[in-house]
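The values are calculated or read from the model by the stated rules, or taken from the named source; none is laboratory data. Model, not experiment: these values are computed from the prediction. Glycine also receives a Cβ, built like all others from the backbone with ideal geometry; neighbour counts cover every protein chain displayed.
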Amino acid sequence: MKRALIIFTRIPVQGKTKTRMMPHFSPRQCAALHACFLSDIRKQCEACGADIFVSYAPENGKLERLKMLLGKEKKYMPQEGEHLGMRMLHAFRQVFEQGYDSCVLIGTDVPELQEHHLRKAFWKLQEKDIVFGKTSDGGYYLVGMKKLQPLVFGLNEYGHSRVFQETLDQISEAGLTVGFTDTLSDMDTPEDLRDFYGRMKRNPEQAASRTGSFVTKIRKISIIVPVYNEAKTIEAMQRQLLPLKDRCEILFVDGGSTDGTRELIRPEYRVISSPKGRACQMNTGAVNSDGDILFFLHCDSELPRNPLGEIRRTLSGHRAGCFGIAFHSKNFFMFTCRVISNHRIKDRKVMFGDQGIFLDRDLFFQAGMFSEIPIMEDYQFSLTLKEMGVKLGMAGHRIYTSDRRFPPGTIPKLKLMWKMNRLRKMYRDGVAIERIAELYRDIR
């Protein structure tokens, strides 16, 4: 059979492609993401053995951009028609007029499309009149036929959840036979891309694709900073975050400060109100964020250089992690605290909030968020992740944290470390959290 494959696409122009991904991603990122889709799909199409046509939505002076991505040797056809169905019908008509025995048309929002999906579609056409590749949201990413079947494109509206079923109903009424290739997911929204990322991490081939590499690079990070009476530290934290402001989402979650903290936060930062309590404040920030990665940061912390890059690198091989911790104090027991804390991440799989906890958004909600208890919400969260079998990663550089909770003098510091270990043991033994919170207040 003389076979043809139509790549049905827009040209990846900023502001005109993948618009449902905005404003989560910038217009530039959306255009670059679409370009990655096209580059990966090109490889799969060229391997399936069919003649390739490209049906594109015209953009003045932009066709060369598409030819650079898909190859100048392809046969390019501008789309024509008032709605999506008419444009697809026009593309099929042009191809069948050139004497092809079978033709398959695909969209370009399916980065998991593989050569074998296309070969299966052509194989199905040997015994069926029409073939479809369904999408998980109720549409289809692939349609093929052996001769022009205008009724396939007879719908008045596209883009809703019943597109596929309504099309099938019309085909069934006409007595035509239908076959199917595999169901895949298209990428229309940030949520779709998050789901793709989760699947991709289990598929090395997908992770190594241009789309996989780009998605890993552009995952949006939300920095969530719970604050309560932080007038002494809020200015320093804002200065640290200023260079990151346009590269991530930053949320300050105020628990009802009475020392003017909220008034000191600059207008360019987003501030959310929450009932007092670090766990409640961090949960409130997470619910109101839209990042793919959540980074919980204490207001008295000092970040290393390029913290966003450190987080992305760590999460490329893990679902959760933190920074190693360090103190500016040269006291021997503060150095000991640093060593023990960093070793605890690898040895006991436990991380604390002052180390800057970061993790995949989906994992945070799967784990049930932070337990809204008066103390040890970070410890309990680590225990929950441990029970879930989540392996923790540790960033390559340290986050410096204040030693303000430690009293002056070597012996008092040692006593505090011992008491903190005792409180954690009491928590594991089931002592009432209110009792532990009272003891913690006594030692601060």
> Would a scan of the range 140-152 turn up a residue that is of a type in the set (A, V, I, L, M, F, W, C), surrounded by fewer than 18 Cβ atoms within 10 Å (Cβ to Cβ) and closer than 25 Å to residue 38 by Cα?
Replying inline: no
>> When you check residue 216 against the structure, is it in a helix (DSSP H, G or I), of a type in the set (Val, Ile, Thr) and either free of Cβ contacts under 8 Å to residues at least 60 places away in the same chain or closer than 28 Å to residue 317 by Cβ (or both), yes or no?
In response: yes
> For the range 17-65, what are the residues that are assigned to a helix (DSSP H, G or I), touching a Pro at 6+ places or on another chain (Cβ under 9 Å), among the hydrophobic types (A, V, I, L, M, F, W, C) and in contact (Cβ under 8 Å) with a residue 60 or more places away in the chain?
Replying inline: 21, 32, 33, 36, 37, 38, 41
>> Tally up the residues in the range 87-120 that are not aromatic (Phe, Trp, Tyr) and not in a helix (DSSP H, G or I), please.
In response: 17
> Across the range 66-84, which residue is farthest from residue 32 (Cα to Cα) among those that are of a type in the set (D, E, K, R) and outside any helix (DSSP H, G or I)?
Replying inline: 82
> Mind checking which residues of the range 64-84 are among the aliphatic types (A, V, I, L, M) and touching a Phe, Trp or Tyr at 6+ places or on another chain (Cβ under 7 Å)?
Replying inline: 66, 77, 84
>> Going through 169, 182, 246, 188 one at a time, which residue ends up being touching a helix residue (DSSP H, G or I) at 6+ places or on another chain (Cβ under 7 Å), farther than 19 Å from residue 19 by Cα and charged (D, E, K, R)?
In response: 182
> In the range 296-306, is there at least one residue being of a type outside the set (Ser, Thr, Tyr), assigned to a helix (DSSP H, G or I) and over 20 Å from the mean Cα position of the chain (by Cα)?
Replying inline: no
> Picking from 169, 182, which residue would you name as being surrounded by fewer than 19 Cβ atoms within 10 Å (Cβ to Cβ) and part of a helix (DSSP H, G or I)?
Replying inline: 169
> Looking only at the range 281-294, which residues are under 17 Å from residue 371 (Cα atoms) and either in contact with a strand residue (DSSP E or B) (Cβ under 6 Å, 6 or more places away or on another chain) or surrounded by 22 or more Cβ atoms within 10 Å (Cβ to Cβ) (or both)?
Replying inline: 281, 282, 283, 284, 285, 286, 294
> Residues 85, 61, 81: which one is under 25 Å from residue 163 (Cα atoms), surrounded by fewer than 17 Cβ atoms within 10 Å (Cβ to Cβ), modelled with pLDDT under 95 and among the small types (Gly, Ala, Ser)?
Replying inline: 81
> When residue 257 is evaluated against the numbered criteria (1) in a loop (DSSP other than H, G, I, E, B); (2) surrounded by fewer than 14 Cβ atoms within 10 Å (Cβ to Cβ); (3) at pLDDT 95 or above, which criterion, by number, is the only one it fails?
Replying inline: (2)
> So residue 325 clears everything in (1) β-branched (Val, Ile, Thr); (2) farther than 27 Å from residue 213 by Cβ; (3) modelled with pLDDT of 95 or more except one condition, right? Which one?
Replying inline: (3)
>> Among the numbered criteria (1) among the small types (Gly, Ala, Ser); (2) on the phi > 0 side of the Ramachandran plot; (3) over 31 Å from the mean Cα position of the chain (by Cα); (4) at pLDDT 95 or above, which one does residue 71 miss?
In response: (3)
